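I have placed the structure first, in the form of structure tokens, so that the comments after it can refer back to it.
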Amino acid sequence: MAAAATCGAGVLSSGCVASTAGRSSTTSFQRRSKASGADGGGPRLLSIAGTRPSVRNGQLLVSTGLPALDQLLGGGLAVGTVLLIEEDKYSIYSPLLFKYFLAEGIVNGHTLLVASAKEKPADILQELPAPLLDDNGKKELEDVHNSKTPESDVNMKIAWRYQLQPKMQVGPVSSSRFGHYYDVSKRIPQELLGSSKWHGFFLPEHITSDLKGEPCSLSGDYMKLLQFIQNIIYTEGFDGSNPQKKQKNILRIGIQNFGSPFWGDDICCTENSDNSHRLTKFFYVLRGLLRTSLSACIITMPTHLIQNKAITARVRNLSDTVVGLESFIGSEKETNSLYKDYHGLIHIRKIPRLNNLTCDESDVKDLAFKLKRKLFTIEFLTEAAAH
Amino acid sequence: MFPELNNLLGTTPDGTEQGKLTLLCDAKTDGSFLVHHFLSFYLKANCKVCFVALVQSFSHYNIVAQKLGVSLTAAREQGQLVFLEGLKSSVDIFFHAQEEPHPLQFLREASAGNLQSLYQFVRDSLKPVDSGETPWKFPVLLVDNLSVLLSLGLEAVAVLDFMQYCRATVCCELKGNVVALVHDNRDAEDKENGILLNGLSHQSHLVLRAEGLATGFCKDVHGQLRILWRRLQPTARRDQSLTYQYKIQDKNVSFFAKGMSPAIL
């Protein structure tokens, strides 16, 4: 799937752009034709960096950081939806997908919100993989992060008349590529991290503060995280509540190891948890928050630890996209000759049908992944691979 | 609405039975196409529809309905459609103080609540105004979906009570129809969901069950639809059941007999 969106003026070929979502009934799914919605006949709506419309229904998509996974999900992750990653058994490969998602956000200049109960968000960000960029990509990346600094005046010798013209408004320089490749063996450069905007939610830091207002039915920890997310969305205008903001951006939310005992939940410990609905309620309200804002969320969950399968089923129903990782470590598949070149299987359990009756399901369901020294690849599992 | 499904069910927008409860369920597949069918069907049939949409946003249903020939915004403006958007309301309830009781009031309660306020909302939307004159044929309640209510902390009994009240008001008193979607998580041992599903199956007149194929994923056949007509009166006639396979396309769903997919003929 070619990812060549035109850069610069950001004119979308399908004529569909994301509209702002405000307190009115519009959500980020609404199409808006190019003809309408101009602000007093001013500049057309510029595209947001790192997004592209879906071929099928114009739905705005962001990359997950793995172009192979984007293709399997029908082009990318839809803005306003939740991607649930069911962790592999020892949680070795799922943090990689988590970091790819965040790294893609940094490369595109999106705002990040990282929530974890185990690791400090700053430490997670330090371990992001470095993007693999060719020369064009490097220049664009500098532009994305240095877009505030004006270019130095270059004295024009021949076309000096043009120097007197006002500088052309080069729109938001978006990285023209949708989806980048990363080198897992290297760390993301510090300058990239430093110029990126992110918010961290580390559960132990929030554990002592009191809840404002009446006690709500969610567990304190989940409620605090929801309030943190809602606060960021509201204050930074991702839900369209601040129309004066010059440039729309995407908020990428990443929540790691959700539902594990680190989050104070006991669904991984007992079968008859009294508070199982806290988790599912969180998913529901989160979905409501995402649908009314320009954000996308990745959640990794150790579903293999959840004792009550009904909770897993409900969580899957409440998530839009569900991807399961199954690693071969410690299982009998490790010695199976069919799987000897791979590290595990990847199951695309669910893809959302948004604004549509159908969805772009991949025809092939046997997918395996392999972590090479620098790259995480996903391949179709075929008989030929076994020989 | 899907014309082929109308043929299978033996209904048309002009002539359809009243006072019936239709249960939609899906197992290992997505049954939301049935919800879109009934929504556009009843709007075309000139009925007053109260749609409790708990899982997707208004614009999602609107865009699909436009492909099926119905405009939800127009219907809402004319008063034909009352739309409760669960996702947006839940955000409002959680983060902004609400003065008057809200249909989804149970979200604020710590312990298992009940759906009384939601029932009041349904009753107030569908009961005819005092003059008794209404341009719409009969009221219809559509719920997408009931399994989400279980995830939000309610017990199956509370949801069954809600459906009982709705059936009494909408089906018996107002001679309207009720359509509800329930997921089938049977292999996940979801007991509460099982109670809800079994309870509603016994009360419904028509059960439409969308299942994934037993043999796995297929590009040309997306699933199997089982239609079960239930005779709730103790007559001699037995329940009638039919099974079809279907393929979902961009604006339509085509149905065919088992094994007769156009792709293999």
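What follows draws every value from the coordinates through simple rules; no lab data is involved. Predicted, not measured: the structure shown is a model, and the values here were computed from it. Reconstructed Cβ throughout: ideal geometry from the backbone, glycine too, with neighbour counts over all protein chains shown.
Remarks
- Going by neighbour counts of Cβ atoms within 10 Å, the residues A:269, B:166 line up, fewest first, as A:269, B:166.
- If a spin label sat at a point 7 angstrom from the Cα of residue A:71 along the line to its beta carbon, no backbone N atom of region A:101-115 would be nearer than 17 Å.
- ³J(HN,Hα), Karplus 6.51/-1.76/1.60, whole Hz, each residue of region A:279-293, x for Gly, Pro: 5, 5, 5, 4, 4, 5, 5, 4, 4, x, 5, 5, 5, 9, 8
- Listed by chain and number, the aspartates and glutamates whose alpha-carbon sits under 12 Å from that of residue A:372, ignoring those within fewer than 8 places in the same chain, are A:183, A:341.
- Checked against a 27 Å cut-off, the cross-linked pairs B:44/B:219; B:175/B:247; A:118/A:309; A:350/B:191 give Cα-Cα distances beyond that limit for B:44/B:219; B:175/B:247.
- Fraction of antiparallel bridges per DSSP, chain B only, in percent to nearest 5: 40 percent
- Computed over region B:120-192: relative contact order in percent, which uses C-alpha pairs under 8 Å that are six or more apart: 42 percent
- Partner chain coverage, peptide A:302-313 - average Cβ within 10 angstrom: 3
- Around residue B:158: net Lys/Arg minus Asp/Glu count, Cβ-Cβ under 13 Å: -4
- Counting Lys and Arg as +1 and Asp and Glu as -1 over every other residue whose Cβ lies under 13 Å from the Cβ of residue B:49, the net charge comes to +3.
- Peptide ranges A:347-360, A:49-62, B:5-18 listed from the most packed, as the mean C-beta count within 10 angstrom indicates: A:49-62, A:347-360, B:5-18
- Take the Cα of residue B:241, step 7 Å toward its Cβ, do the same at residue A:187, and the gap between the two points is 6.3 nm.
- FRET efficiency estimate (nearest 0.05) - Cβ-Cβ, residue A:270 to residue B:232, R0 56 angstrom: 0.85
- Rounded tilt (10° steps) of B:156-166 against the dominant C-alpha axis of chain B: 80 degrees
- Measuring nothing but alpha carbons in region A:306-387 and taking Rh as the Kirkwood radius, the Rg to Rh ratio lands at 1.04.
- Region A:85-100 and region B:73-146 have Cα centres spaced 40 Å apart.
- Using alpha carbons only, the radius of gyration of chain B set against its Kirkwood radius gives Rg/Rh = 0.96.
- FRET efficiency, 1/(1 + (r/R0)^6) with R0 51 Å, evaluated for residue B:189 and residue B:71 via beta carbons: 0.75
- The length gained on full extension between residue B:97 and residue B:250, counted as 0.36 nm times the residue separation minus their Cα-Cα distance, comes to 51.0 nm.
- Where labels lie 7 Å past Cα in the beta-carbon direction, separation of residue A:235 and residue B:116 in nm: 3.9 nm
- Placing a label point 7 Å from the Cα of residue B:4 along the Cα-to-Cβ direction, the residues of region B:204-221 whose backbone N falls under 13 Å of that point are B:220-221.
- Stretching residue A:207 away from residue A:120 to a fully extended chain increases their span by 29.9 nm, per 0.36 nm per residue minus the current alpha-carbon distance.
- Highest-first packing order for the peptide set A:112-118, A:122-128 is A:112-118, A:122-128, based on the mean count of other beta carbon atoms within 10 Å.
- Partner chain coverage, peptide A:344-357 - average Cβ within 10 angstrom: 4
- Inter-label distance, residue A:247 to residue A:158: 3.2 nm, where each label sits 7 Å from its Cα along the C-beta direction.
- Residue by residue along A:331-342, Cβ atoms of other protein chains within 10 Å of the local Cβ number 0 on average.
- Remark on residue A:60: its backbone amide H falls under 5 Å from those of A:54, A:79, a criterion applied only to residues 5 or more positions apart or on other chains, H modelled at 1.01 Å from N.
- If only the Cβ of Lys and Arg carry +1 and only the Cβ of Asp and Glu carry -1, the dipole of region B:1-110 around its Cα centre is close to 200 debye.
- Electrostatic bookkeeping for residue A:348 treats Lys and Arg as +1 and Asp and Glu as -1; over the other residues with beta carbon under 13 Å from its beta carbon, the sum is -4.
- What the Cβ-Cβ distance of residue B:78 and residue A:375 gives, at R0 = 56 Å and to the nearest 0.05, is a FRET efficiency of 0.50.
- 10 Å-binned pair-distance histogram of region B:63-140 (Cα, whole percent): 15, 37, 32, 15, 1
- Region B:79-219: C-alpha gyration tensor shape, a/c 1.5 cut-off, then a/b vs b/c: oblate
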